[in-house]
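The values are calculated or read from the model by the stated rules, or taken from the named source; none is laboratory data. All values derive from a computational prediction rather than experimental measurement. We place every Cβ from the backbone using ideal geometry, glycine too, and count neighbours over all the protein chains shown.
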Amino acid sequence: MNIAIALPLVAPLFGAALSMMVRRLAVQRVVSFLSLSVSLVASIIVLVEVVSEDSMVVSRLGAWPAQVAITLVADRLSAMMLLVSVTVLTIVLAFAIGQRASDERSPFYHPVYLVLAAGIGQAFLAGDLFNLFVAFELLLMASYVLLTLDGTDAQIRTGTTYVVLNVVESFVLLTAIGLIFAATGTVSMAELPARLAELPDEVRTGLNLLLLVAFGIKAAVFPLYFWLPDAYPTAPSSVTAVFAGLLTKVGVYAMLRTETLLFPGGQSTLLLVIAGFTMIVGVLGAISHAEMKRILSFHIVSQIGYMVLGIGIGGDAAIAATVFYLMHHIPVKTSLFLVEGIVERETGTSAFDAVGGMARRSGFLAVLFLIPALSLAGLPPFSGFLAKYALVRAGFDDGQYVIVGVAIAGSLLTLISMTKIWNGLFWGEVEPAVPDGHVGVLRHQRLMSVSTMAMVGCTLAIAALAGPLYSFCIGAAQQLGDPMQYVQAVLDA
Amino acid sequence: MSLSLVVLIGVLFGVGTYLLLHRTLTRIVLGVGMLGNGVNVLIIATGARQGEAPIIGREGQVTDPVPQALVLTAIVIGFALTAFLLALAWRNWTIDGNDAVEDDVEDRRLARAELDADHHRDVRHHEDVES
């Protein structure tokens, strides 16, 4: 049994239990950092092992035989997602502590945050569908608590919608898993590809669609996205940053797994249509709003469309582009929300009619916004350009001209809405008025700014190291394109 | 798998969906309970072949323990979810004294702006006709 692969799941859970017992804020913070650091080191070890041996890391908890054991599997995709998400979780934790918001001081914040980390880690490593379901429940339960931690009117209102919707999603997923078990007699992702292939086409399509609906709600694709722009803006910025960066991406990850491993090439046309609508509807929603948090929330929806587009096109090039898009998108989206958090911490809101002139107050903050914003819109030389370029090129090579056109139009609209944020918050007169000598923003918010800088630094690093990272992504796509590798790695372990 | 179980699953799914579509939170909680039980019965009914309890040493055909383990987990999760939903409903009730799921404030603002625009247009139209 490989210890390193179990740690991203076990360390945060252990930390959560510990910090639930101590209840002292200072100790809780240390415990959180320690457990996330252990996860971080473990996920680096797993990634190095996966890359250096060009194989998969497989571990059966408790060393039970393959048919009954809880299996953890890390291929290139899982290992990368794991590393990216643990990094984001650690940086955002520092930000939340620096933000000094009321929620971080609640005795439940740190334990729940760690449970969220465990759930996300487990979702990426799960080697069977039911384990994936449990991971979803773990991270959803934590997200319910984080979203409603303050218990204010707005949070309860949006929290209720969010919880009910995700409960329905869980039931759809559970039904799908139950039916898959009934049809094939297994839930192990290593045994499913062969057994699903034996099923009649209609049954396969039905099961595939059922899974896609469940993961589609999670990933917030058109037409199942409406809960997201409503729920996310009411949470504190640090919480929204993690949700925006990671939760929907867990859904995309699950879709990617389903469409490559379980039902290869099953629903590509459907996915392309969904991707087109998601890109455009999301970005139009973003343009129509006048508050940074809401605009960014709609952008999450729009950006999911690009990832689904890659899954829909299929083939190694497009899947590699999707994997690269996922890797670039998580830190970019998170850093935008962190910048929003700094603005909100300074002024109490991020609505355009109440705030202005942030660039005059802190040019550096403006730069911190500009880098991820331009990256999200897909301008060179940032990581977003490379991700979109790879995607567009894969689309052209496959002859999907219409949907590629839609994707480029979506990028343009993204740029327009980013300009809107720039004009609303960063340009113009300083608003609300501040006394002289209090102009600087970043100087007296040190921890928040350092963690935001670290996050933006990650996005720049992805752009700078794009060459090696992209060849890593091609390797990941080749692994995904050949389900037999996964099957053999798990069954032989 | 017996017909009565199929009917039961159908009824639970139907009633659960119906209750979920209400705006009253308590009904939604009941709907979640119904739907959850529907899914659990579905897994047991479709996944397990009939037989003895799966205990080591039993003779004859034993039932498949995997769906039961799955459902056991699902029941625990469902219990936690229901408890959390009830807590939310209670909190909602203490804040504004009602039990309804409310609209998104932003949606309502946008809708009102649209209504106002329509209203203005109508008024202007009437004035044009009269003059």
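When you look at residue A:94, is it within 28 Å of residue A:343 (Cα to Cα), touching a helix residue (DSSP H, G or I) at 6+ places or on another chain (Cβ under 8 Å), away from chain B (no Cβ under 14 Å) and hydrophobic (A, V, I, L, M, F, W, C), yes or no? Break it down stepwise before answering.
Working: within 28 Å of residue A:343 (Cα to Cα): yes; touching a helix residue (DSSP H, G or I) at 6+ places or on another chain (Cβ under 8 Å): yes; away from chain B (no Cβ under 14 Å): yes; hydrophobic (A, V, I, L, M, F, W, C): yes.
Against the criterion (within 28 Å of residue A:343 (Cα to Cα), touching a helix residue (DSSP H, G or I) at 6+ places or on another chain (Cβ under 8 Å), away from chain B (no Cβ under 14 Å) and hydrophobic (A, V, I, L, M, F, W, C)), residue A:94 qualifies.
Where in segment A:52-139 are there helices (runs of 4 or more DSSP H), lying fully within it, with 2 or more residues that are closer than 28 Å to residue A:212 by Cα?
A:76-99, A:109-125
For the condition of a type outside the set (D, E, K, R), more than 14 Å from chain B (Cβ to nearest Cβ) and touching an Asp or Glu at 6+ places or on another chain (Cβ under 8 Å), what is the one hit in A:266, A:276, A:251?
A:266
Within segment A:150-191, track down each residue that is in a loop (DSSP other than H, G, I, E, B), touching a residue at least 60 places away in the same chain (Cβ under 8 Å) and either more than 9 Å from chain B (Cβ to nearest Cβ) or surrounded by 21 or more Cβ atoms within 10 Å (Cβ to Cβ) (or both).
Hits for segment A:150-191 are A:150, A:189, A:190, A:191.
Tell me which residues, restricted to segment B:55-80, are more than 23 Å from the chain's Cα centre (by Cα), surrounded by 14 or more Cβ atoms within 10 Å (Cβ to Cβ), within 16 Å of residue A:68 (Cα to Cα) and more than 11 Å from chain A (Cβ to nearest Cβ).
B:63
Is it fair to say residue B:42 is of a type outside the set (Ser, Thr, Tyr) and farther than 17 Å from residue A:160 by Cβ? If you could, list the steps in order and put the result at the bottom.
Values: of a type outside the set (Ser, Thr, Tyr): yes; farther than 17 Å from residue A:160 by Cβ: yes.
Spelling it out, residue B:42 is indeed of a type outside the set (Ser, Thr, Tyr) and farther than 17 Å from residue A:160 by Cβ.
Report every pair of residues separated by at least 6 positions or lying on different chains whose Cβ atoms are under 7 Å apart, first residue within segment B:68-90 and within 12 Å of residue A:167 (Cβ to Cβ), second surrounded by 13 or more Cβ atoms within 10 Å (Cβ to Cβ) and modelled with pLDDT under 90.
Every condition considered, the pairs that remain are B:88/A:148; B:88/A:156; B:88/A:159; B:88/A:160.
Taking into account only those residues within segment A:31-46 that are among the hydrophobic types (A, V, I, L, M, F, W, C) and buried (at least 22 other Cβ atoms within 10 Å of the Cβ), which is nearest to residue A:479 (Cα to Cα)?
Step one: list which residues in segment A:31-46 are among the hydrophobic types (A, V, I, L, M, F, W, C), which gives A:31, A:33-34, A:36, A:38, A:40-42, A:44-46.
Still in the running and buried (at least 22 other Cβ atoms within 10 Å of the Cβ): A:31, A:36, A:42, A:46.
Working: A:31: 36, A:36: 28, A:42: 22, A:46: 16 Å.
Step by step, filter segment A:31-46, then rank; the result is A:46.
Give me the residue from segment A:311-366 that is hydroxyl-bearing (Ser, Thr, Tyr) and assigned to a helix (DSSP H, G or I) and, out of that set, farthest from the chain's Cα centre (by Cα).
Filtering segment A:311-366 for residues hydroxyl-bearing (Ser, Thr, Tyr) gives A:322, A:325, A:334-335, A:347, A:349-350, A:362.
So of that shortlist, the ones also assigned to a helix (DSSP H, G or I) come out as A:322, A:325, A:334-335, A:347.
Values: A:322: 13, A:325: 11, A:334: 9, A:335: 13, A:347: 28 Å.
That would be A:347.
Need the failing condition index for residue A:224 against (1) crowded, with 24+ Cβ neighbours inside 10 Å; (2) under 20 Å from residue A:298 (Cβ atoms), just the number.
For residue A:224, the exception is condition (1).
Return yes or no: is residue A:393 surrounded by fewer than 23 Cβ atoms within 10 Å (Cβ to Cβ), within 19 Å of the chain's Cα centre (by Cα) and not in a loop (DSSP other than H, G, I, E, B)?
Taking the combined requirement at face value, the residue does not satisfy it.
What pairs come up if the first residue lies in segment A:205-219 and is under 18 Å from residue A:195 (Cβ atoms), the second is part of a helix (DSSP H, G or I) and of a type in the set (D, E, K, R), and their beta carbons are under 9 Å apart, counting only those six or more places apart or on different chains?
A:208/A:259
Conditions tested, residue by residue: (1) crowded, with 23+ Cβ neighbours inside 10 Å; (2) modelled with pLDDT of 80 or more.
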| site | (1), (2) |
| --- | --- |
| A:63 | no, no |
| A:70 | no, yes |
| A:76 | yes, yes |
| A:81 | yes, yes |
| A:84 | yes, yes |
| A:88 | yes, yes |
| A:93 | yes, yes |
| A:96 | yes, yes |
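Any residue at all in segment A:421-435 that is in a helix (DSSP H, G or I), touching a Phe, Trp or Tyr at 6+ places or on another chain (Cβ under 7 Å) and either under 19 Å from residue A:300 (Cα atoms) or modelled with pLDDT of 90 or more (or both)?
For segment A:421-435, residues in a helix (DSSP H, G or I), touching a Phe, Trp or Tyr at 6+ places or on another chain (Cβ under 7 Å) and either under 19 Å from residue A:300 (Cα atoms) or modelled with pLDDT of 90 or more (or both): absent.
Name the pairs: first residue in segment A:120-149 and within 10 Å of chain B (Cβ to nearest Cβ) and within 21 Å of residue A:188 (Cβ to Cβ), second residue assigned to a helix (DSSP H, G or I) and not hydrophobic (A, V, I, L, M, F, W, C), Cβ to Cβ under 6 Å, at least 6 apart or on different chains?
Listed by first residue and then by second, the contacts come to A:138/A:119.
Looking at residue B:83 and the list (1) of a type in the set (Gly, Ala, Ser); (2) surrounded by 15 or more Cβ atoms within 10 Å (Cβ to Cβ); (3) at pLDDT 80 or above, which single condition is not satisfied?
Just one mismatch for residue B:83, condition (2).
From B:89, B:45, grab the single residue that is within 25 Å of residue A:181 (Cα to Cα) and either in contact with a helix residue (DSSP H, G or I) (Cβ under 9 Å, 6 or more places away or on another chain) or facing chain A (nearest Cβ under 9 Å) (or both).
B:45
Quick one: count up the residues across segment A:178-235 that are in contact with a Phe, Trp or Tyr (Cβ under 8 Å, 6 or more places away or on another chain), of a type in the set (Lys, Arg) and within 20 Å of residue A:484 (Cα to Cα).
Selection size over segment A:178-235: 1.
So which residues in segment A:264-304 are touching a His at 6+ places or on another chain (Cβ under 8 Å), within 26 Å of residue A:315 (Cα to Cα) and of a type in the set (A, V, I, L, M), if there are any at all?
Within segment A:264-304, none qualify.
Does segment A:199-212 contain at least one residue that is surrounded by 20 or more Cβ atoms within 10 Å (Cβ to Cβ), out of contact with any Ser or Thr (no Cβ under 8 Å at 6 or more places or on another chain) and modelled with pLDDT of 90 or more?
yes
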